[in-house]
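Below you'll find the structure, written out as structure tokens, and then a few comments.
The values are calculated or read from the model by the stated rules, or taken from the named source; none is laboratory data. Keep in mind the model is a prediction, meaning the values are calculated, not measured. Glycine gets a Cβ as well: all are built from the backbone with ideal geometry, and neighbour counts include every protein chain shown.
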Amino acid sequence: MRLLNDLYTIYGDLLVEKNTEITPAVIKKIRKMGEAHKQARVPLKNTELFADFDKVFYDPKYANILKPPAVKKQVCDIAGALAIENDLIFELSTMKQNLPYTYHHVLIVAALTIRLSLAYKPGKFDKDTITHCGFTHDIGKTRIPISILNKPGKLTSEERMIMETHPVMGYLLLNYYLKKDRVICSIAGLDHHERLDGSGYPKGIKKIDKYSQLISVVDVLDALMTKRPYRGKSFSLRASLDYLLFESDRKRFDRDIVVTLICLARKEKTDPRHIKISREFREELPEEMTHEKYV
Ligand SMILES: [Fe+2]
Ligand SMILES: [Fe+2]
């Protein structure tokens, strides 16, 4: 793994020079730099981020999954209990100003991932960790030029290469900002575009941590359901879930995770073990969904 541009902290300090090969020694050095700069964690509940988080529950696209009041309370209680690094609050408020779409996306991903973690293997996910992963998985996007992030139309191969460095940059930033107890969150920043068949990026690995797997499924769901500069329309919940199912058939996502999400999206809640999924009358998948890599 290699960066194509210099990477700076939110305070303007150079963290990694471009073209540096990211080795364990580089990570060690970044952690050391971070230790010299460690800041306090603040209760998420007292931040503007949490006030914005509350609003995503009124997004009609996810009403079935998020709107029932008991669900909203459960998810907000979990998110509100997180103590988050001050530096990351600063990073996310900068994201809000410069990349409002990405900011909204991370709030949605955080809410949906917490919800999914409660339904998929309840009790197996640490609540703080899954919440943190949702909010911070795309922190590396803040270091991608806005002209690339907002480009209408297809990215060139060079632009795509730059875009695909965002997980590595996120990983490096999180290694700098986080203490050792949150190492899984930096891994989710790195691995949320990996796929179980090895077709993802940046490393093309097949063994993916369970936190990253949850994030990756929800991440694609929201990417499909949201208008993007390069795509005229967004997809319905049904078409997006179909796509995830199709990807799980191709062994890219864990099928149980996708099926759990489908159950949550249904008005009549079903036990994932007993769900019947119709393969008929599906909306036709837009052609680009079969080969486009979603970022
Ligand atoms: Fe991402
Ligand atoms: Fe994302």
Exercise. Among the listed residues 215, 205, which satisfies the condition of being at pLDDT 95 or above and in a loop (DSSP other than H, G, I, E, B)?
Worked result: 205
For this session: Starting from the stretch 30-57, take each residue that is touching a residue at least 24 places away in the same chain (Cβ under 8 Å) and among the polar types (S, T, N, Q) and list its partners that are part of a helix (DSSP H, G or I) and crowded, with 17+ Cβ neighbours inside 10 Å, counting only C-beta distances under 6 angstrom and pairs at least six apart or across chains.
Result: 39/87; 47/89
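This table checks each residue for (1) more than 14 Å from ligand 2 (Cβ to nearest atom); (2) in contact with a Ser or Thr (Cβ under 9 Å, 6 or more places away or on another chain).
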| residue | (1), (2) |
| --- | --- |
| 158 | yes, no |
| 165 | yes, no |
| 176 | yes, yes |
| 183 | yes, no |
| 198 | yes, no |
| 212 | no, no |
| 219 | no, yes |
| 224 | no, yes |
Exercise. Is it the case that residue 191 is within 15 Å of ligand 1 (Cβ to nearest atom) and within 28 Å of residue 30 (Cβ to Cβ)?
Worked result: yes
Problem set entry | The listed residue being touching a residue at least 60 places away in the same chain (Cβ under 8 Å), within 16 Å of ligand 1 (Cβ to nearest atom) and touching an Asp or Glu at 6+ places or on another chain (Cβ under 8 Å), out of 108, 139 | 108
For this session: Identify, by number, the condition in (1) within 28 Å of residue 165 (Cβ to Cβ); (2) away from ligand 2 (no atom under 13 Å from the Cβ) that residue 70 doesn't meet.
Result: (1)
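Within the stretch 10-23, does at least one residue satisfy the condition of being surrounded by 14 or more Cβ atoms within 10 Å (Cβ to Cβ), within 21 Å of the chain's Cα centre (by Cα) and not acidic (Asp, Glu)? If you could, list the steps in order and put the result at the bottom.
So in the stretch 10-23, the residues surrounded by 14 or more Cβ atoms within 10 Å (Cβ to Cβ) come out as 10, 15-16, 20, 22.
Those still in the list that are within 21 Å of the chain's Cα centre (by Cα) too: 10.
The next check asks that each one be not acidic (Asp, Glu); those that pass are 10.
Yes.
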Problem set entry | Considering residues of the stretch 98-117 that are surrounded by fewer than 19 Cβ atoms within 10 Å (Cβ to Cβ) and over 21 Å from residue 176 (Cβ atoms) only, the residue farthest from ligand 2 (Cβ to nearest atom) | 100
Exercise. Any residue in the stretch 250-260 that is within 16 Å of ligand 1 (Cβ to nearest atom), buried (at least 23 other Cβ atoms within 10 Å of the Cβ) and touching a residue at least 40 places away in the same chain (Cβ under 8 Å)?
Worked result: yes
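Examine the stretch 119-137 for a residue that is within 19 Å of residue 8 (Cα to Cα) and buried (at least 18 other Cβ atoms within 10 Å of the Cβ), and state whether such a residue exists.
yes
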